[in-house]
Amino acid sequence: MSSGYRIEKDSLGEVKVPENALYGAQTQRAFENFPVSGQRFGRRFIQALGLIKKAAALTNAELGTLNPTVAGAIAEAAEEVAAGTWDDEFVLDIYQTGSGTSTNMNANEVIARRATQIIAGDAQVVHPNDHVNFGQSSNDVIPTAIHVAARLAIEKELVPALEHFAGALSEKAKAFDHVIKSGRTHLMDATPVRLGQEFGGYAHQMVKGIGRVQLASDELAELALGGTATGTGINTHPEFASRTIARISDELGIPFREAENHFEAQASRDAAVSVSGALNVVATSMLKIADDIRWMGSGPTSGIFEIAIPAVQPGSSIMPGKVNPVMAEAMMMVASRVMGNHTTITIAGGRGNFELNVMMPVLAHALQESITLLANIARVFSDRCVVGIEVNEERARELLELNPSIATALTPYIGYDEASTVAKEAAEKGISVREVVERRELLDAAQLADALDVRAMTEPGLPE
(Lines give C-alpha, C1' and ligand atoms only; values in the text may rest on other atoms or scores of the structure.)
Protein backbone atom coordinates (compact mmCIF):
# COMPACT_ATOMS: atom_id res chain seq x y z
CA MET A 1 0.00 0.00 0.00
CA SER A 2 1.24 3.48 -0.86
CA SER A 3 2.52 5.51 2.08
CA GLY A 4 1.45 8.76 0.42
CA TYR A 5 4.90 10.25 0.68
CA ARG A 6 8.51 9.65 -0.29
CA ILE A 7 11.69 10.37 1.65
CA GLU A 8 14.10 12.97 0.29
CA LYS A 9 17.29 14.32 1.79
CA ASP A 10 18.87 17.74 1.88
CA SER A 11 21.67 19.29 3.93
CA LEU A 12 19.47 19.23 7.06
CA GLY A 13 18.49 15.59 6.78
CA GLU A 14 15.47 13.58 5.67
CA VAL A 15 12.16 15.14 4.63
CA LYS A 16 8.80 13.57 3.86
CA VAL A 17 7.52 14.84 0.50
CA PRO A 18 4.15 13.95 -1.09
CA GLU A 19 4.94 10.98 -3.31
CA ASN A 20 3.54 12.45 -6.52
CA ALA A 21 4.87 15.98 -6.04
CA LEU A 22 7.40 17.29 -8.52
CA TYR A 23 8.91 19.53 -5.87
CA GLY A 24 11.41 18.22 -3.34
CA ALA A 25 12.86 18.62 0.12
CA GLN A 26 13.58 22.36 0.19
CA THR A 27 10.12 23.23 -1.07
CA GLN A 28 8.54 20.91 1.50
CA ARG A 29 10.48 22.49 4.35
CA ALA A 30 9.39 25.96 3.25
CA PHE A 31 5.81 24.78 2.88
CA GLU A 32 5.86 23.62 6.49
CA ASN A 33 7.70 26.72 7.73
CA PHE A 34 5.43 29.38 6.23
CA PRO A 35 1.71 28.59 6.58
CA VAL A 36 1.01 32.31 6.81
CA SER A 37 -1.49 33.72 4.31
CA GLY A 38 -2.45 31.10 1.75
CA GLN A 39 -1.35 33.61 -0.92
CA ARG A 40 0.94 32.26 -3.61
CA PHE A 41 2.87 33.77 -6.47
CA GLY A 42 0.64 34.44 -9.47
CA ARG A 43 0.72 33.28 -13.04
CA ARG A 44 2.94 36.04 -14.41
CA PHE A 45 5.66 35.47 -11.82
CA ILE A 46 5.73 31.72 -12.36
CA GLN A 47 5.77 32.33 -16.11
CA ALA A 48 8.79 34.58 -15.65
CA LEU A 49 10.61 31.95 -13.56
CA GLY A 50 9.97 29.32 -16.22
CA LEU A 51 11.26 31.60 -18.98
CA ILE A 52 14.40 32.44 -17.00
CA LYS A 53 15.19 28.79 -16.32
CA LYS A 54 14.55 27.83 -19.94
CA ALA A 55 16.76 30.59 -21.30
CA ALA A 56 19.48 29.81 -18.75
CA ALA A 57 19.57 26.12 -19.69
CA LEU A 58 19.82 26.84 -23.42
CA THR A 59 22.57 29.40 -22.82
CA ASN A 60 24.55 27.02 -20.61
CA ALA A 61 24.34 24.35 -23.30
CA GLU A 62 25.52 26.88 -25.88
CA LEU A 63 28.44 27.88 -23.65
CA GLY A 64 29.37 24.24 -23.02
CA THR A 65 28.74 24.47 -19.28
CA LEU A 66 25.78 22.07 -19.30
CA ASN A 67 25.25 18.72 -21.00
CA PRO A 68 23.03 19.31 -24.08
CA THR A 69 20.68 16.43 -23.23
CA VAL A 70 20.20 17.68 -19.68
CA ALA A 71 19.85 21.27 -20.88
CA GLY A 72 17.26 20.27 -23.47
CA ALA A 73 15.17 18.45 -20.88
CA ILE A 74 15.42 21.41 -18.50
CA ALA A 75 14.34 23.78 -21.25
CA GLU A 76 11.35 21.59 -22.09
CA ALA A 77 10.31 21.28 -18.45
CA ALA A 78 10.82 25.00 -17.88
CA GLU A 79 8.65 25.80 -20.89
CA GLU A 80 5.89 23.73 -19.29
CA VAL A 81 6.30 25.78 -16.11
CA ALA A 82 6.12 29.01 -18.09
CA ALA A 83 2.96 27.79 -19.83
CA GLY A 84 1.22 27.06 -16.51
CA THR A 85 1.22 23.26 -16.71
CA TRP A 86 2.65 22.87 -13.22
CA ASP A 87 1.20 25.86 -11.35
CA ASP A 88 -0.22 23.56 -8.67
CA GLU A 89 3.34 22.53 -7.81
CA PHE A 90 4.17 26.09 -6.72
CA VAL A 91 2.81 25.72 -3.22
CA LEU A 92 4.73 28.29 -1.20
CA ASP A 93 3.35 31.26 0.67
CA ILE A 94 4.33 34.80 -0.27
CA TYR A 95 5.53 35.36 3.30
CA GLN A 96 8.73 33.33 3.31
CA THR A 97 12.46 33.90 3.10
CA GLY A 98 13.08 37.49 2.07
CA SER A 99 15.31 36.56 -0.84
CA GLY A 100 12.67 34.31 -2.38
CA THR A 101 15.14 31.41 -2.22
CA SER A 102 12.34 29.02 -1.31
CA THR A 103 10.42 29.86 -4.47
CA ASN A 104 13.54 29.72 -6.63
CA MET A 105 14.21 26.24 -5.24
CA ASN A 106 10.55 25.34 -5.77
CA ALA A 107 11.11 26.10 -9.47
CA ASN A 108 14.46 24.32 -9.54
CA GLU A 109 13.05 21.17 -7.94
CA VAL A 110 9.93 21.02 -10.10
CA ILE A 111 11.93 21.54 -13.29
CA ALA A 112 14.63 19.07 -12.26
CA ARG A 113 12.21 16.26 -11.48
CA ARG A 114 10.14 16.92 -14.60
CA ALA A 115 13.31 17.07 -16.73
CA THR A 116 14.36 13.71 -15.27
CA GLN A 117 11.00 12.30 -16.37
CA ILE A 118 11.52 13.71 -19.85
CA ILE A 119 14.91 12.01 -20.07
CA ALA A 120 13.16 8.88 -18.75
CA GLY A 121 15.71 8.36 -16.05
CA ASP A 122 14.95 6.03 -13.15
CA ALA A 123 16.99 8.12 -10.72
CA GLN A 124 17.16 11.90 -10.36
CA VAL A 125 19.60 12.55 -13.18
CA VAL A 126 18.83 16.27 -13.33
CA HIS A 127 19.86 18.13 -10.18
CA PRO A 128 17.98 21.24 -8.97
CA ASN A 129 21.13 23.13 -7.99
CA ASP A 130 23.89 21.66 -10.14
CA HIS A 131 21.90 21.78 -13.37
CA VAL A 132 18.70 23.87 -13.26
CA ASN A 133 20.27 26.61 -11.12
CA PHE A 134 23.69 26.49 -12.79
CA GLY A 135 25.24 29.94 -13.12
CA GLN A 136 22.47 31.49 -11.04
CA SER A 137 21.52 32.43 -7.50
CA SER A 138 18.15 33.16 -5.96
CA ASN A 139 19.64 36.59 -5.35
CA ASP A 140 19.73 37.44 -9.05
CA VAL A 141 16.93 35.15 -10.31
CA ILE A 142 14.17 36.57 -8.08
CA PRO A 143 14.93 40.23 -8.88
CA THR A 144 15.03 39.25 -12.56
CA ALA A 145 11.67 37.50 -12.26
CA ILE A 146 10.17 40.55 -10.54
CA HIS A 147 11.21 42.78 -13.43
CA VAL A 148 10.23 40.35 -16.20
CA ALA A 149 6.82 39.58 -14.69
CA ALA A 150 5.97 43.22 -13.98
CA ARG A 151 7.17 44.54 -17.35
CA LEU A 152 5.31 41.76 -19.14
CA ALA A 153 2.08 42.52 -17.29
CA ILE A 154 2.45 46.26 -17.86
CA GLU A 155 3.03 45.93 -21.58
CA LYS A 156 0.51 43.16 -22.27
CA GLU A 157 -2.24 43.98 -19.77
CA LEU A 158 -2.07 47.37 -18.11
CA VAL A 159 -1.15 49.73 -20.95
CA PRO A 160 -3.79 48.31 -23.35
CA ALA A 161 -6.41 48.52 -20.58
CA LEU A 162 -5.55 52.13 -19.75
CA GLU A 163 -5.64 53.01 -23.46
CA HIS A 164 -9.10 51.42 -23.61
CA PHE A 165 -10.21 53.50 -20.61
CA ALA A 166 -8.77 56.71 -22.05
CA GLY A 167 -10.53 55.98 -25.34
CA ALA A 168 -13.90 55.49 -23.65
CA LEU A 169 -13.51 58.76 -21.76
CA SER A 170 -12.47 60.57 -24.95
CA GLU A 171 -15.58 59.35 -26.76
CA LYS A 172 -17.75 60.73 -23.98
CA ALA A 173 -15.81 64.01 -24.11
CA LYS A 174 -16.81 64.37 -27.76
CA ALA A 175 -20.42 63.30 -27.17
CA PHE A 176 -20.88 65.69 -24.24
CA ASP A 177 -19.06 68.71 -25.64
CA HIS A 178 -22.30 70.62 -26.29
CA VAL A 179 -23.53 70.25 -22.69
CA ILE A 180 -22.87 73.35 -20.58
CA LYS A 181 -23.09 72.88 -16.84
CA SER A 182 -22.02 74.34 -13.53
CA GLY A 183 -18.38 74.06 -12.69
CA ARG A 184 -17.56 73.24 -9.10
CA THR A 185 -14.57 74.11 -6.95
CA HIS A 186 -14.40 73.13 -3.27
CA LEU A 187 -17.70 71.30 -4.03
CA MET A 188 -19.25 74.76 -4.43
CA ASP A 189 -20.73 76.41 -7.51
CA ALA A 190 -18.14 77.82 -9.90
CA THR A 191 -18.09 79.25 -13.42
CA PRO A 192 -19.57 77.10 -16.20
CA VAL A 193 -17.77 74.29 -17.96
CA ARG A 194 -18.74 71.90 -20.69
CA LEU A 195 -19.33 68.34 -19.62
CA GLY A 196 -17.11 67.33 -22.51
CA GLN A 197 -14.29 69.41 -21.05
CA GLU A 198 -14.56 67.52 -17.78
CA PHE A 199 -14.46 64.15 -19.50
CA GLY A 200 -11.62 65.37 -21.72
CA GLY A 201 -9.70 66.16 -18.55
CA TYR A 202 -10.31 62.65 -17.26
CA ALA A 203 -9.14 61.15 -20.54
CA HIS A 204 -5.96 63.21 -20.44
CA GLN A 205 -5.26 62.08 -16.88
CA MET A 206 -5.20 58.53 -18.23
CA VAL A 207 -3.03 59.49 -21.19
CA LYS A 208 -0.54 61.09 -18.80
CA GLY A 209 -0.76 58.03 -16.57
CA ILE A 210 0.09 55.73 -19.47
CA GLY A 211 3.17 57.82 -20.20
CA ARG A 212 4.27 57.67 -16.57
CA VAL A 213 3.81 53.90 -16.40
CA GLN A 214 5.70 53.34 -19.65
CA LEU A 215 8.56 55.56 -18.52
CA ALA A 216 8.81 53.68 -15.23
CA SER A 217 8.52 50.33 -17.02
CA ASP A 218 11.67 51.14 -18.97
CA GLU A 219 13.58 50.89 -15.69
CA LEU A 220 12.47 47.26 -15.41
CA ALA A 221 14.34 46.46 -18.62
CA GLU A 222 17.54 46.15 -16.57
CA LEU A 223 17.89 42.62 -15.18
CA ALA A 224 20.02 41.48 -12.25
CA LEU A 225 20.78 38.07 -13.79
CA GLY A 226 24.51 37.39 -13.81
CA GLY A 227 25.26 38.88 -10.40
CA THR A 228 24.72 35.52 -8.63
CA ALA A 229 25.13 35.69 -4.85
CA THR A 230 26.30 39.25 -4.12
CA GLY A 231 26.65 40.96 -7.49
CA THR A 232 30.17 39.72 -8.23
CA GLY A 233 29.09 37.06 -10.74
CA ILE A 234 30.86 34.22 -8.93
CA ASN A 235 30.29 30.76 -10.48
CA THR A 236 28.84 32.00 -13.76
CA HIS A 237 30.24 32.35 -17.28
CA PRO A 238 31.04 35.98 -18.22
CA GLU A 239 28.70 35.77 -21.22
CA PHE A 240 25.90 33.90 -19.44
CA ALA A 241 23.83 36.92 -18.43
CA SER A 242 23.89 38.81 -21.72
CA ARG A 243 23.06 35.73 -23.77
CA THR A 244 20.31 34.54 -21.43
CA ILE A 245 18.72 37.97 -21.28
CA ALA A 246 18.79 38.23 -25.09
CA ARG A 247 16.86 34.94 -25.21
CA ILE A 248 14.26 36.26 -22.76
CA SER A 249 13.83 39.41 -24.88
CA ASP A 250 13.40 37.39 -28.07
CA GLU A 251 10.92 35.03 -26.40
CA LEU A 252 8.69 37.84 -25.13
CA GLY A 253 9.22 40.47 -27.79
CA ILE A 254 9.99 42.96 -25.02
CA PRO A 255 13.48 44.47 -24.65
CA PHE A 256 15.58 43.58 -21.61
CA ARG A 257 19.25 44.16 -20.93
CA GLU A 258 21.86 43.23 -18.34
CA ALA A 259 22.08 45.58 -15.37
CA GLU A 260 24.64 48.35 -15.67
CA ASN A 261 25.69 47.72 -12.08
CA HIS A 262 24.95 44.33 -10.52
CA PHE A 263 25.46 45.58 -6.98
CA GLU A 264 22.72 48.17 -7.42
CA ALA A 265 20.51 45.64 -9.19
CA GLN A 266 20.62 43.15 -6.31
CA ALA A 267 20.96 45.37 -3.27
CA SER A 268 18.04 47.65 -4.18
CA ARG A 269 14.55 47.38 -5.60
CA ASP A 270 14.40 51.04 -6.59
CA ALA A 271 13.08 50.33 -10.09
CA ALA A 272 10.14 48.41 -8.65
CA VAL A 273 9.42 51.23 -6.20
CA SER A 274 9.53 53.69 -9.11
CA VAL A 275 7.05 51.61 -11.09
CA SER A 276 4.79 51.36 -8.06
CA GLY A 277 4.94 55.14 -7.78
CA ALA A 278 3.64 55.45 -11.33
CA LEU A 279 0.89 52.94 -10.55
CA ASN A 280 0.05 54.98 -7.46
CA VAL A 281 -0.46 58.06 -9.63
CA VAL A 282 -2.78 56.10 -11.95
CA ALA A 283 -4.72 54.92 -8.89
CA THR A 284 -4.96 58.52 -7.68
CA SER A 285 -6.38 59.57 -11.06
CA MET A 286 -8.87 56.72 -11.03
CA LEU A 287 -10.02 57.63 -7.54
CA LYS A 288 -10.70 61.22 -8.63
CA ILE A 289 -12.48 60.20 -11.84
CA ALA A 290 -14.66 57.56 -10.21
CA ASP A 291 -15.59 59.88 -7.35
CA ASP A 292 -16.49 62.72 -9.73
CA ILE A 293 -18.72 60.44 -11.79
CA ARG A 294 -20.32 59.12 -8.61
CA TRP A 295 -21.09 62.66 -7.42
CA MET A 296 -22.41 63.84 -10.80
CA GLY A 297 -24.72 60.83 -10.92
CA SER A 298 -25.96 61.21 -7.36
CA GLY A 299 -29.69 61.40 -6.79
CA PRO A 300 -31.92 61.03 -8.66
CA THR A 301 -33.95 63.53 -6.59
CA SER A 302 -31.67 64.55 -3.73
CA GLY A 303 -28.35 64.84 -5.50
CA ILE A 304 -26.73 66.47 -8.53
CA PHE A 305 -27.97 63.99 -11.18
CA GLU A 306 -26.38 65.75 -14.15
CA ILE A 307 -25.55 62.33 -15.56
CA ALA A 308 -27.24 58.96 -15.38
CA ILE A 309 -24.93 56.06 -14.58
CA PRO A 310 -25.84 52.66 -16.05
CA ALA A 311 -27.83 50.42 -13.71
CA VAL A 312 -25.86 47.18 -13.61
CA GLN A 313 -27.40 45.58 -10.51
CA PRO A 314 -29.98 46.27 -7.76
CA GLY A 315 -28.55 48.59 -5.15
CA SER A 316 -30.29 47.62 -1.95
CA SER A 317 -31.61 44.57 -0.14
CA ILE A 318 -34.27 46.68 1.58
CA MET A 319 -35.02 49.72 -0.63
CA PRO A 320 -36.89 48.72 -3.80
CA GLY A 321 -35.70 50.24 -7.05
CA LYS A 322 -32.53 51.71 -5.60
CA VAL A 323 -29.50 51.70 -7.91
CA ASN A 324 -25.99 52.47 -6.67
CA PRO A 325 -22.78 53.59 -8.45
CA VAL A 326 -21.19 50.19 -7.84
CA MET A 327 -18.64 50.36 -10.65
CA ALA A 328 -17.33 53.68 -9.37
CA GLU A 329 -17.12 52.24 -5.87
CA ALA A 330 -15.20 49.23 -7.13
CA MET A 331 -12.71 51.51 -8.88
CA MET A 332 -12.28 53.56 -5.71
CA MET A 333 -11.56 50.39 -3.72
CA VAL A 334 -8.99 49.26 -6.28
CA ALA A 335 -7.33 52.65 -6.02
CA SER A 336 -7.11 52.36 -2.25
CA ARG A 337 -5.60 48.88 -2.50
CA VAL A 338 -2.96 50.04 -4.98
CA MET A 339 -2.10 52.94 -2.68
CA GLY A 340 -1.71 50.49 0.19
CA ASN A 341 0.45 48.25 -1.98
CA HIS A 342 2.65 51.24 -2.78
CA THR A 343 3.29 51.69 0.92
CA THR A 344 4.20 48.00 1.21
CA ILE A 345 6.49 48.19 -1.82
CA THR A 346 8.14 51.36 -0.53
CA ILE A 347 8.92 49.79 2.84
CA ALA A 348 10.04 46.54 1.21
CA GLY A 349 12.26 48.43 -1.21
CA GLY A 350 14.02 50.11 1.69
CA ARG A 351 15.10 46.79 3.19
CA GLY A 352 18.10 46.39 0.93
CA ASN A 353 20.56 45.38 3.60
CA PHE A 354 24.10 45.54 2.20
CA GLU A 355 24.16 43.31 -0.93
CA LEU A 356 20.59 42.01 -0.95
CA ASN A 357 17.01 43.15 -0.52
CA VAL A 358 15.27 40.85 1.95
CA MET A 359 11.57 41.61 1.33
CA MET A 360 11.34 40.61 -2.32
CA PRO A 361 8.45 38.11 -2.25
CA VAL A 362 5.93 40.51 -0.73
CA LEU A 363 7.18 43.30 -3.00
CA ALA A 364 6.78 41.07 -6.05
CA HIS A 365 3.29 40.04 -5.01
CA ALA A 366 2.10 43.57 -4.22
CA LEU A 367 3.52 44.98 -7.45
CA GLN A 368 1.92 42.29 -9.59
CA GLU A 369 -1.39 42.67 -7.77
CA SER A 370 -1.44 46.43 -8.37
CA ILE A 371 -0.81 45.99 -12.10
CA THR A 372 -3.52 43.36 -12.41
CA LEU A 373 -6.10 45.28 -10.38
CA LEU A 374 -5.58 48.49 -12.35
CA ALA A 375 -5.76 46.68 -15.68
CA ASN A 376 -8.92 44.81 -14.77
CA ILE A 377 -10.79 47.74 -13.25
CA ALA A 378 -9.88 50.01 -16.17
CA ARG A 379 -11.60 47.63 -18.57
CA VAL A 380 -14.69 46.80 -16.54
CA PHE A 381 -15.27 50.43 -15.51
CA SER A 382 -14.98 51.50 -19.15
CA ASP A 383 -17.32 48.80 -20.45
CA ARG A 384 -19.88 48.67 -17.64
CA CYS A 385 -20.00 52.32 -16.65
CA VAL A 386 -18.38 54.92 -18.90
CA VAL A 387 -19.77 53.77 -22.24
CA GLY A 388 -23.32 53.76 -20.85
CA ILE A 389 -23.28 57.17 -19.15
CA GLU A 390 -26.04 59.47 -20.37
CA VAL A 391 -26.38 63.18 -19.74
CA ASN A 392 -29.40 64.78 -18.06
CA GLU A 393 -29.35 68.03 -20.03
CA GLU A 394 -32.47 69.46 -18.39
CA ARG A 395 -30.98 69.07 -14.92
CA ALA A 396 -27.66 70.55 -16.05
CA ARG A 397 -29.46 73.64 -17.41
CA GLU A 398 -31.54 73.97 -14.25
CA LEU A 399 -28.51 73.97 -11.97
CA LEU A 400 -26.55 76.26 -14.27
CA GLU A 401 -29.35 78.83 -14.41
CA LEU A 402 -29.31 79.15 -10.63
CA ASN A 403 -25.52 79.20 -10.32
CA PRO A 404 -24.51 82.54 -8.71
CA SER A 405 -20.92 82.16 -9.91
CA ILE A 406 -22.11 83.12 -13.39
CA ALA A 407 -21.79 86.65 -12.02
CA THR A 408 -18.04 86.25 -12.60
CA ALA A 409 -18.72 87.08 -16.26
CA LEU A 410 -20.15 90.45 -15.21
CA THR A 411 -16.87 91.62 -13.66
CA PRO A 412 -15.47 93.21 -16.87
CA TYR A 413 -18.73 95.18 -17.18
CA ILE A 414 -19.66 96.24 -13.63
CA GLY A 415 -16.58 95.42 -11.53
CA TYR A 416 -15.81 92.76 -8.95
CA ASP A 417 -17.62 94.41 -6.02
CA GLU A 418 -20.89 94.99 -7.87
CA ALA A 419 -20.73 91.50 -9.38
CA SER A 420 -20.30 90.10 -5.84
CA THR A 421 -23.44 91.91 -4.74
CA VAL A 422 -25.34 90.41 -7.68
CA ALA A 423 -24.10 86.92 -6.89
CA LYS A 424 -25.02 87.25 -3.22
CA GLU A 425 -28.55 88.49 -3.99
CA ALA A 426 -29.11 85.70 -6.52
CA ALA A 427 -28.04 83.08 -3.99
CA GLU A 428 -30.08 84.54 -1.13
CA LYS A 429 -33.29 84.88 -3.17
CA GLY A 430 -32.86 81.67 -5.16
CA ILE A 431 -33.14 83.46 -8.48
CA SER A 432 -30.84 83.70 -11.47
CA VAL A 433 -28.03 86.20 -11.92
CA ARG A 434 -29.74 87.35 -15.11
CA GLU A 435 -32.89 88.21 -13.17
CA VAL A 436 -30.97 90.26 -10.59
CA VAL A 437 -29.18 92.27 -13.30
CA GLU A 438 -32.45 92.90 -15.12
CA ARG A 439 -34.21 94.01 -11.93
CA ARG A 440 -31.43 96.41 -11.05
CA GLU A 441 -30.97 97.57 -14.67
CA LEU A 442 -27.20 97.21 -14.48
CA LEU A 443 -26.74 96.38 -18.17
CA ASP A 444 -28.80 96.86 -21.29
CA ALA A 445 -30.22 93.80 -23.05
CA ALA A 446 -27.40 93.49 -25.58
CA GLN A 447 -24.65 93.77 -22.97
CA LEU A 448 -26.41 91.28 -20.72
CA ALA A 449 -26.78 88.80 -23.57
CA ASP A 450 -23.07 89.07 -24.34
CA ALA A 451 -22.02 88.91 -20.69
CA LEU A 452 -24.14 85.87 -19.84
CA ASP A 453 -23.38 83.83 -22.94
CA VAL A 454 -22.58 80.65 -21.02
CA ARG A 455 -20.90 78.95 -23.97
CA ALA A 456 -18.42 81.82 -24.17
CA MET A 457 -17.73 81.39 -20.47
CA THR A 458 -16.23 77.98 -21.16
CA GLU A 459 -13.41 79.42 -23.30
CA PRO A 460 -10.72 82.08 -22.75
CA GLY A 461 -11.74 85.61 -23.76
CA LEU A 462 -12.64 89.15 -22.77
CA PRO A 463 -15.57 91.36 -23.86
CA GLU A 464 -14.90 93.48 -26.92
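When A120 is tested against (1) at positive phi; (2) surrounded by 23 or more Cβ atoms within 10 Å (Cβ to Cβ), exactly one condition is not met: (2). What residue, of R440, R434, R379, is surrounded by fewer than 16 Cβ atoms within 10 Å (Cβ to Cβ), basic (K, R), at pLDDT 90 or above and out of contact with any Pro (no Cβ under 6 Å at 6 or more places or on another chain)? Selected residue: R440, the only one of R440, R434, R379 that is surrounded by fewer than 16 Cβ atoms within 10 Å (Cβ to Cβ), basic (K, R), at pLDDT 90 or above and out of contact with any Pro (no Cβ under 6 Å at 6 or more places or on another chain).
Could you identify the single residue in G98, G135 that is surrounded by fewer than 24 Cβ atoms within 10 Å (Cβ to Cβ), under 30 Å from the mean Cα position of the chain (by Cα) and not aromatic (F, W, Y)?
On the way: G135 fails: under 30 Å from the mean Cα position of the chain (by Cα).
The conditions single out G98.
Restricted to region 412-430, and to residues that are in contact with a Leu (Cβ under 8 Å, 6 or more places away or on another chain) and surrounded by fewer than 17 Cβ atoms within 10 Å (Cβ to Cβ), which residue is nearest to L400 (Cα to Cα)? Break it down stepwise before answering.
The first filter runs over region 412-430 and keeps only residues in contact with a Leu (Cβ under 8 Å, 6 or more places away or on another chain), leaving 412-414, 418-419, 422, 426, 430.
From what's left, surrounded by fewer than 17 Cβ atoms within 10 Å (Cβ to Cβ): 412-413, 418, 430.
Working: P412: 20, Y413: 21, E418: 21, G430: 12 Å.
Applying the filter and picking the extreme gives G430.
The single residue among V387, V391 that is modelled with pLDDT of 90 or more, touching a strand residue (DSSP E or B) at 6+ places or on another chain (Cβ under 8 Å) and under 30 Å from A335 (Cα atoms) turns out to be V391. L287 passes every criterion in (1) closer than 29 Å to E355 by Cβ; (2) without any contact (Cβ under 8 Å) to a residue 60 or more places away in the chain; (3) among the aliphatic types (A, V, I, L, M) apart from (1).
For region 432-443, what are the residues that are farther than 22 Å from D189 by Cα and part of a helix (DSSP H, G or I)? Walk me through it before giving the result.
Of the residues in region 432-443, the ones farther than 22 Å from D189 by Cα are 439-443.
Within region 432-443, R439, R440 meet the criteria.
When the residues of region 170-196 are filtered to those that are within 26 Å of the chain's Cα centre (by Cα) and in contact (Cβ under 8 Å) with a residue 60 or more places away in the chain, which remaining residue is surrounded by the most Cβ atoms within 10 Å (Cβ to Cβ)? Filtering first and then ranking leaves K172. Could you please let me know if A446 is of a type in the set (A, V, I, L, M), part of a helix (DSSP H, G or I) and either touching a Lys or Arg at 6+ places or on another chain (Cβ under 6 Å) or more than 18 Å from T191 (Cβ to Cβ) (or both)? For A446, the condition - of a type in the set (A, V, I, L, M), part of a helix (DSSP H, G or I) and either touching a Lys or Arg at 6+ places or on another chain (Cβ under 6 Å) or more than 18 Å from T191 (Cβ to Cβ) (or both) - is met.
Please go through region 206-247 and give me each residue that is small (G, A, S) and part of a helix (DSSP H, G or I), ordered by number.
Of the residues in region 206-247, the ones small (G, A, S) are 209, 211, 216-217, 221, 224, 226-227, 229, 231, 233, 241-242, 246.
Residues satisfying the conditions are G209, G211, A216, S217, A241, S242, A246.
The values are calculated or read from the model by the stated rules, or taken from the named source; none is laboratory data. Nothing here was measured: the structure is a model prediction, and the numbers come from that model. Methodologically, a virtual Cβ is constructed for each residue, glycine included, from the backbone with ideal geometry; neighbour enumeration extends over all protein chains shown.
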